[in-house]
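The values are calculated or read from the model by the stated rules, or taken from the named source; none is laboratory data. Because the structure is a prediction, the values reported are computed rather than measured. Cβ coordinates were reconstructed from backbone atoms using ideal geometry, including for glycine residues, and neighbour counts include every protein chain displayed.
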Amino acid sequence: MTERTELVEHGQLFIGGEFTDPLGTEVIEVISPHTEQVIGRVPHASEGDVDRAVVAARRAFDEGPWPRMGLDERIAVITRIKDAFAVRHEEFARLISAQNGTPYSSSVMVQALAAMMVWDSAITVARDFPYEERRDGVLGPLLVRREPVGVVAAVVPWNVPQFTAAAKLAPALLAGCTAVLKVSPETPLDAYVLAEIAEEAGLPPGVLSILPADREVSEYLVGHRDVDKVSFTGSVAAGRRVMEVASRNLTRVTLELGGKSAAIILPDADLEAAVAGIVPFAWMINGQACVAQTRILVPNSRYDEMAEAFAAAAGALRVGDPLDPTTELGPLVAQRQQQRSLDYIKLGQEEGAKILTGGNRPAAQERGWYVEPTLFGSVDNSMRIAREEIFGPVICLIPYEDEAEAVRIADDSPYGLSGSVWTADTERGIDVARRVRTGTYSVNTFSLDMLGPFGGYKNSGLGREFGPEGYGEFFEHKMIHLPAGYREA
């Protein structure tokens, strides 16, 4: 028997570091994707609440202690947040699984402990970052400083809410910025646990606000004149809109957007290892992951063998209640996402692709927004199912003739976020990795290391998260010219 989540209700918003009554009366109801029943209620933040949060953040940045603290003092606070994540990681995992359908079996790591690792890795990066350096200029010595950018609007999606929040808040706060976090209406409940942790960690007043709201309020936040930096994760369409709205104030933006990543299996690959390595990351978070390996490229010479192996592995995935620890694939976050996947499955058949497994709602699930793990074979890369981000458990198997064609197919996409290659020859795999135009790549594995830069080429976004490259996104650069002949005392 699985543990059910009781109705969770919150009546206040976390603004400027304290829980306070909202200005409006609108409420967000959180619906379980498994039972289709209400499992939570929280206030829907209004534009007036955004104003209160931004004013608090502006004051905390311009006048408060946080940007003026020593780095070690900020690290001490962020370390307390990271440690609290470790203590409450099962609570985070359970809440997120209940809201977005991620199987609890993977949610502990993907949704909770991975977020904790982001906080921890950001601390490591912050300790070694070059905040100030001296250079020899053409006309004399220079002092180059990196100073916190200011008030950050962090807008995160529902698929990995704490992971993406940490990717923005950890570097922003360590840099000395203040932040307003806008969370998705599908997954606001875990944000209250984060607010409690932040309050207990001792962030000064105004440094952090957390607001659950819809797209319209997000747009108001992004376009706020007192916001200095927007860090956004979401769809390409929403990213374009964020960029358009932010441009009115010339607000700096980082955009982590969609993907249609390709896993290339070379003819010499160990098929058993490739299947074991790819399947969990093709159908991860029920297919609702921007880095998911949604195109699997297989050589014509081994197509039948590989198609059979991947179809068997996908068909064996256990579908069911996300809070059941044996579940491997849960429901999609909302009915609209379920219908979107079913529509693409129909489209794929109309385009001439062949369903190797799945393709329907699971017969065993009488309710809930489920779609069977679906694998299409005989896919041509020009088909819409191969080019558009479905964000559901629908994967394409695409044949290729030789390595050059595999790289061409991988690159023939409007996206460039992730990818992998599988081969018996690691050096050959590294060569393929160098040739594919995508922001992150793995050889004989799939991983996302928080000490390296993460982000995309093409429509997959602008800027980077993680590592010193991602940390640097939250700084302005200042050049100070020094007198000729100046030497530091």
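Tally the residues that are loosely packed, with under 15 Cβ neighbours inside 10 Å and free of Cβ contacts under 8 Å to residues at least 60 places away in the same chain, restricting the search to the range 442-486.
Selection size over the range 442-486: 2.
Report, by residue number, each residue of the range 132-170 that is of a type in the set (Lys, Arg) and either farther than 18 Å from residue 476 by Cβ or surrounded by fewer than 24 Cβ atoms within 10 Å (Cβ to Cβ) (or both).
134, 135, 145, 146
Okay, residues lined up against (1) under 23 Å from residue 187 (Cβ atoms); (2) modelled with pLDDT under 95; (3) in contact with a Ser or Thr (Cβ under 7 Å, 6 or more places away or on another chain):
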site: 302; (1), (2), (3): no, no, no
site: 306; (1), (2), (3): no, no, no
site: 318; (1), (2), (3): no, no, yes
site: 322; (1), (2), (3): yes, no, yes
site: 327; (1), (2), (3): yes, no, yes
site: 335; (1), (2), (3): yes, no, no
site: 340; (1), (2), (3): yes, no, no
site: 343; (1), (2), (3): no, no, no
site: 348; (1), (2), (3): no, no, no
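Residue 275: touching a Leu at 6+ places or on another chain (Cβ under 9 Å) and either among the β-branched types (Val, Ile, Thr) or farther than 25 Å from residue 421 by Cβ (or both), yes or no?
No.
Does the range 292-317 hold any residues that are closer than 25 Å to residue 161 by Cα and surrounded by fewer than 24 Cβ atoms within 10 Å (Cβ to Cβ), and which are they?
Scanning the range 292-317 gives a single hit, 317.
Select from the range 60-76 the residues that are crowded, with 22+ Cβ neighbours inside 10 Å and over 27 Å from the mean Cα position of the chain (by Cα) and list them in ascending order.
60
For the range 157-165, check the following and say yes or no: at least one residue is aromatic (Phe, Trp, Tyr) and in a loop (DSSP other than H, G, I, E, B).
Scanning the range 157-165, I find at least one residue that is aromatic (Phe, Trp, Tyr) and in a loop (DSSP other than H, G, I, E, B), so the answer is yes.
Within the range 134-148, is even one residue under 25 Å from residue 178 (Cβ atoms), at pLDDT 95 or above and within 25 Å of the chain's Cα centre (by Cα)?
Yes.
Given the conditions (1) closer than 27 Å to residue 304 by Cβ; (2) over 20 Å from the mean Cα position of the chain (by Cα), which single one is not true for residue 392?
Of (1) closer than 27 Å to residue 304 by Cβ; (2) over 20 Å from the mean Cα position of the chain (by Cα), only one is false for residue 392: (2).
It is to be established whether one or more residues within the range 138-150 are without any contact (Cβ under 8 Å) to a residue 12 or more places away in the chain and either more than 25 Å from residue 286 (Cβ to Cβ) or not in a loop (DSSP other than H, G, I, E, B) (or both).
Yes, there is a match, as at least one residue in the range 138-150 is without any contact (Cβ under 8 Å) to a residue 12 or more places away in the chain and either more than 25 Å from residue 286 (Cβ to Cβ) or not in a loop (DSSP other than H, G, I, E, B) (or both).
Per-residue answers, yes or no, for (1) under 26 Å from residue 393 (Cα atoms); (2) in contact with a Lys or Arg (Cβ under 8 Å, 6 or more places away or on another chain); (3) crowded, with 22+ Cβ neighbours inside 10 Å:
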{"site": "29", "(1), (2), (3)": "yes, yes, no"}
{"site": "35", "(1), (2), (3)": "yes, yes, no"}
{"site": "43", "(1), (2), (3)": "no, no, yes"}
{"site": "55", "(1), (2), (3)": "no, no, no"}
{"site": "58", "(1), (2), (3)": "no, no, no"}
{"site": "81", "(1), (2), (3)": "no, no, yes"}
{"site": "100", "(1), (2), (3)": "yes, no, yes"}
{"site": "108", "(1), (2), (3)": "yes, no, no"}
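Can you tell me which residue in the range 318-347 is surrounded by the fewest Cβ atoms within 10 Å (Cβ to Cβ), limited to those that are under 25 Å from residue 108 (Cβ atoms) and among the aliphatic types (A, V, I, L, M)?
Only one residue fits best here, namely 334.
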